[in-house]
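Quick notes on the structure that follows.
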Amino acid sequence: MKALSIRNLKKTYANGLVAVKGINLDVEEGDFFALLGPNGAGKSTTIGIISSLVNASSGEVRIFDADLKRNKQLAKSYIGLVPQEVNFNQFETARNIVMNQAGYYGMPRKEALKHTERCLKLMHLWDQRNTVSRRLSGGMKRRVMIARAMVHQPRLLILDEPTAGVDIEIRRSMWETMQQVNEQGTTIILTTHYLEEAESLCRNIAIINHGEIVEDTDMQSLLARLNEEHFVCDVKDSLKRAPIINGYEISLLNAQQLNVTVPKALGLNQLFQGLSEQGIEVVSLKNKSNRLEQLFLDLVDSGKKD
Ligand code: ADP
Ligand code: MG
């Protein structure tokens, strides 16, 4: 079953800014899915729409069997949202913060107590349950946010840049926590602008830039593609078919032009050698610009800003 299905989703803000430009996205139940993109790409807007905090301008959103427009309450009940900023009352205890959320979902007190205990234990916060949350460490505060988001047993947990601006130790412990939650069967969607984070956690990934999905693939293929370069190679004599050289992907653009994919680890020497062994004379070789690489330069830039 699909945990999330988005069709042709658009969002134009009141000031005329088009933040989301007709995106499509599918997330399977059980997945750990990354929505990766630089600052301002449209991640929070997309997530805001999924979790009913932002109204879409048009398009369809389905969460499990619930259509967001026709069955909003059911759709909302499936989702636990962890917003980017710590937004609970810091003068309350961790236990009360989670209890209040259970109350918000209309849970009877006995059940609320049970689920509060379950979530605080899951987040390794049970010993701190009576501590005023202001006194908790940064990492613990973030875990309180996750405990709160999970009290109603959501099938889909959405985390909006949970580790942005967080130091490396807290980040690693949060990664473990999220993995644990996913292993216990909760589908997770994580937005981030750290490729490294998506890489170590997620199975599938979509990349959003300027309100458009520019990649939607599994993590392994994405990483493989980041490790290859593309060239256009002009050859002297006309060819009938593309030469075959171990390790390289070669196709004919036309009789005198080849499209070559080169794994970075392999380099170009063996390519030239292989071509010359087959009697093919190279006239010129041009590096094709790699859209994905440019995108990651942008991501790295935007990651530096915080
Ligand atoms: P991200 O979460 O990827 O950083 P956002 O979804 O927050 O991106 O923002 C996408 C674009 O929409 C940005 O250009 C941002 O400035 C703009 N934006 C976000 N919220 C609003 C709003 N409430 N009103 C107008 N523009 C907004
Ligand atoms: Mg955001």
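Points worth noting:
- Taking region 12-48 as the range and being among the β-branched types (Val, Ile, Thr) and away from ligand 1 (no atom under 11 Å from the Cβ) as the test, the residues that pass are Ile23, Val27.
- Cross-chain or 6+ apart pairs with Cβ under 6 Å, region 41-60 first and within 11 Å of ligand 2 (Cβ to nearest atom) and aliphatic (A, V, I, L, M), then open to solvent by less than 10 Å² (accessible area, probe 1.4 Å) and modelled with pLDDT of 95 or more: Ile47/Ile158
- Top-ranked residue of region 146-185 - restricted to ones that are touching a Ser or Thr at 6+ places or on another chain (Cβ under 8 Å), farther than 20 Å from Ala75 by Cα and open to solvent by 10 Å² or more (accessible area, probe 1.4 Å), ranked as nearest to ligand 2 (Cβ to nearest atom): Glu161
- The condition (being in the same structural domain as Lys141 (by TED's automatic domain parsing) and within 13 Å of ligand 2 (Cβ to nearest atom)) is satisfied by just one residue among Leu68, Leu81, Leu25: Leu81.
- Every residue from region 191-207 that is farther than 24 Å from Met1 by Cα and in contact (Cβ under 8 Å) with a residue 40 or more places away in the chain: Thr192, His193, Tyr194, Leu195, Glu197
- Verdict on Asn209 being within 16 Å of ligand 2 (Cβ to nearest atom), in the same structural domain as Val86 (by TED's automatic domain parsing) and open to solvent by 10 Å² or more (accessible area, probe 1.4 Å): yes
- Enumerated strands (runs of 3 or more DSSP E) restricted to region 135-209, each holding at least 2 residues that are more than 16 Å from ligand 1 (Cβ to nearest atom): 156-160, 187-192
- Residue pairs meeting the criteria (Cβ under 8 Å; at least 6 apart or on separate chains; first within 21 Å of Asp26 (Cβ to Cβ), in region 173-190; second open to solvent by 60 Å² or more (accessible area, probe 1.4 Å) and among the acidic types (Asp, Glu)): Thr187/Glu28; Thr187/Glu29
- Test: residue in region 52-66 that is near ligand 1 (Cβ under 9 Å from one of its atoms) and outside any strand (DSSP E or B): yes
The values are calculated or read from the model by the stated rules, or taken from the named source; none is laboratory data. As the structure is a computational prediction, the values presented were derived from the model and not from experiment. Using ideal geometry, Cβ is built from the backbone for each residue, glycine included, and neighbour counts are taken over all protein chains shown. In case anyone asks, the SASA skips ligands and DNA or RNA and just uses the protein heavy atoms, side chains included. Shrake-Rupley method; radii C 1.70, N 1.55, O 1.52, S 1.80 Å.
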